[in-house]
Every structure is written in structure tokens, then in C-alpha cells.
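Input: a single structure, listed below in C-alpha cells.
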Amino acid sequence: MNRTVLITGASRGIGRAIALAFAAEGDRVAINYHTNEAAARATAADCRALGAQAEIFRADVACREDVFAMVRTAEHTFGPVEVLVNNAGIAQQKLFTDITEADWRRMTGTHLDGTFYCCQAVLPAMIRAHSGRIINISSMWGQTGASCEVHYSAVKAGIQGLTMALAKEVGPSGILVNAIAPGVIDTEMNALLDAETRAALDDETPLCRAGRTEEIASAAVFLAGPGSSFITGQILGVNGGFIT
Ligand code: NAP
């Protein structure tokens, strides 16, 4: 569709699948990564193989300077960001009483500060254009809470609050803001889980399996596309029925 799409955390996992899905739509894809340059380069090469323009942009989304520099460079390369997907994330399993101040700051920095900075960096151009889409990747744990992931659940719930409030504020400027709340998706993030836990999660999912990254990507493409033009401030569960 010839839009400039910035996807954070697109070196691998869900972000990579989202980058490929927008590339397949004919968009220009700005691929953010943090540490894994080789994987980001591979994502860009695979996007180009689909005929799309794609470049990689390093930034720690938890760092305001990094984010604003990334958006400036991406806009210089491709033009104003028309679709932002806030996907970069980390996970950690710990008893609540063992969560350190540093764990808490890292979790809130990556998810909440990151989403805040990225939205602030792209919004001036979107407001000038009176158009734009922001898609935030939350989690079903932000809706229902996960034991031993209290900090993760808290930031994912925070992203949902940010989504609903920002949608109200920028709706009059023609900008749509939605979130996707994935269930368990097969990525490296879940490599931390043991086989027994994975099997139990599959059992608890009415569709009896983990989701695929492409199943989140297709929801993101929908929320950025013409078919969702009257949808804003919503949290779209893509979770195989785990949460209803
Ligand atoms: P993943 O495979 O672990 O990939 C995480 C991505 O985020 C990587 O590209 C990584 O970049 C990037 N990243 C991490 N910290 C960053 C930072 N500070 N700045 C910029 N990029 C950073 O994770 P995933 O499973 O695809 O998860 C993607 C999103 O979906 C996350 O927000 C996650 O919370 C959410 N989610 C996942 C699941 C699931 O079951 N997998 C379920 C619900 C929600 P580098 O590789 O360059 O370091």
C-alpha cells in the first residue's frame, strides 16, 4: 500500500512476521532492532525479496534519544511514519518478591517508556498529515494477569490503558490507535518455558495450540488497513480463545 511502516523489535519473532506481512502489502518497512543486527539484516533481506523497500534501524526503545534519532533517520530514508507498530519487548519469569528494582525498570523501560517515546516521536508528523495508525502489542496477561510475571502483566495492562486514552486524544486528528493482545505465540520469548508448562498452556487454549507469529501479523495488517477505519481504542485478543 506504499506506506512507511516502523516496527519495533522486528529482528525476530512477532516483529519479524509483522515486517514481512507489511512488506507483502507493498509498504516501505523500517525494521528496528536492539542487539541482533544479523537477524535484523536477515528480516530486511526477506522483506526486499518480497519486493518491498526495507532498512534496519538500531535503537533501544527504552532510550528517548535513541528513539527520536531512529525516527528522524527512518523519516529521512522513507518519509513520515504512517504506521507504527510498538512490538519490542522482553519477558521474565520471577516470583514477585524476587523482582529487583533493576528488573522492574528494565520491564517498564522497554514496554511502557518504549511505547511512550515511539508514539511521541511519530505523532507530530501524523497530526500534520491528519492520518496515521498506531498498533501496540500488549498481551493477554495484561488482561488477566500471570503468576510469576507481575511486572510483565503490569506493563502490558499499562499499554492497554495508553492505547485507549491515546485513541481518544488523537482520534479527532484522524489517527487510530489500537492494541493486539496475543495469547501464547511460538517465539524465542517462550523458549524459557519448560515442556510441561507449554503443554499446560496448549491445554488451556480452546484451539489447543500456541499461535503462530503470522497470526499476529495478519491482525496488525488488518488494524493498519482500510477495513478497520472505524476501529480505534480497542484491544484485539488474538489468543486462540484463551481469554474471551
Ligand atoms: P522475541 O522473539 O523475544 O523478540 C523480541 C524483539 O524485541 C527482538 O526483535 C528484540 O531485538 C526486540 N527488543 C527487545 N528489547 C528491545 C529494546 N530495548 N529496544 C528495541 N528492541 C528490543 O519476542 P516476541 O515473542 O516476538 O514478542 C514480541 C512482542 O509480543 C513483545 O512485546 C511481547 O511482549 C509480545 N507478546 C509475545 C507473546 C508470545 O507468546 N511470544 C505473547 C504476548 C505478547 P533484538 O533481537 O535486536 O535484541
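So how do 187-197, 61-71, 228-238, 136-146 stack up, highest first, on mean other-Cβ count within 10 Å?
Put in order of decreasing packing, that is 136-146, 61-71, 228-238, 187-197.
Of the residues Gly89, Ala146, Pro124, the one whose Cα sits farthest toward the positive end of the charge dipole of region 72-152, with +1 on the Cβ of Lys and Arg and -1 on the Cβ of Asp and Glu, is Pro124. Using only side-chain charges placed at the Cβ, +1 for Lys and Arg and -1 for Asp and Glu, the dipole size of region 101-244 relative to its Cα centre rounds to 720 debye. Reported value for the chain: 117 Å³ per residue, from the convex hull of its C-alpha atoms.
Which residue, chosen from Ala54, Ser228, Gly79, occupies the Cα position most advanced towards the positive end of the dipole of the chain, where the dipole is computed from +1 (Lys, Arg) and -1 (Asp, Glu) charges on Cβ about the Cα centre? Toward the positive end, the furthest listed residue is Gly79.
If you count, for each residue, the other Cβ atoms within 10 Å and average over each peptide, how do 5-12, 164-171 line up from highest to lowest?
Going by the mean number of other Cβ atoms within 10 Å, highest first, we get 5-12, 164-171.
In the chain, Cα pairs under 8 Å separated by at least six residues give a relative contact order of 19 percent.
List the residues whose amide H sits under 5 Å from the amide H of Ala54, counting only those 5 or more places along or on another chain, with H placed 1.01 Å from N in the peptide plane. HN-HN under 5 Å from Ala54: Val29. Rg of the Cα atoms in region 151-235, relative to 2.2 N^0.38 Å, amounts to 1.31. Helical runs (DSSP H, four residues minimum) scored at -39500 (n - 2.57) apiece and divided by the length of the chain put the mean residue ellipticity at 222 nm at -14000 deg cm²/dmol. Looking at the chain, the accessible area is 45 square angstrom per residue; that uses a 1.4 Å probe and ignores ligands, DNA and RNA. Share of region 4-236's accessible area from carbon and sulfur, percent, 1.4 Å? About 54 percent, which is the carbon plus sulfur part of the accessible surface. About its Cα centre, the chain has a charge dipole of approximately 660 debye under the convention of +1 per Lys or Arg Cβ and -1 per Asp or Glu Cβ, with nothing else charged.
Local charge for Ile14 was computed over the other residues whose Cβ lies under 13 Å away, with Lys and Arg +1 and Asp and Glu -1, and equals -1.
The values are calculated or read from the model by the stated rules, or taken from the named source; none is laboratory data. None of the values given here were measured: they were computed from a predicted structure. Positions of Cβ are generated from backbone atoms using ideal geometry, with glycine treated the same way; all protein chains shown enter the neighbour counts. To get the accessible areas, we keep the full protein, side chains included, count just its heavy atoms, and leave off ligands, DNA and RNA. Shrake-Rupley method; radii C 1.70, N 1.55, O 1.52, S 1.80 Å.
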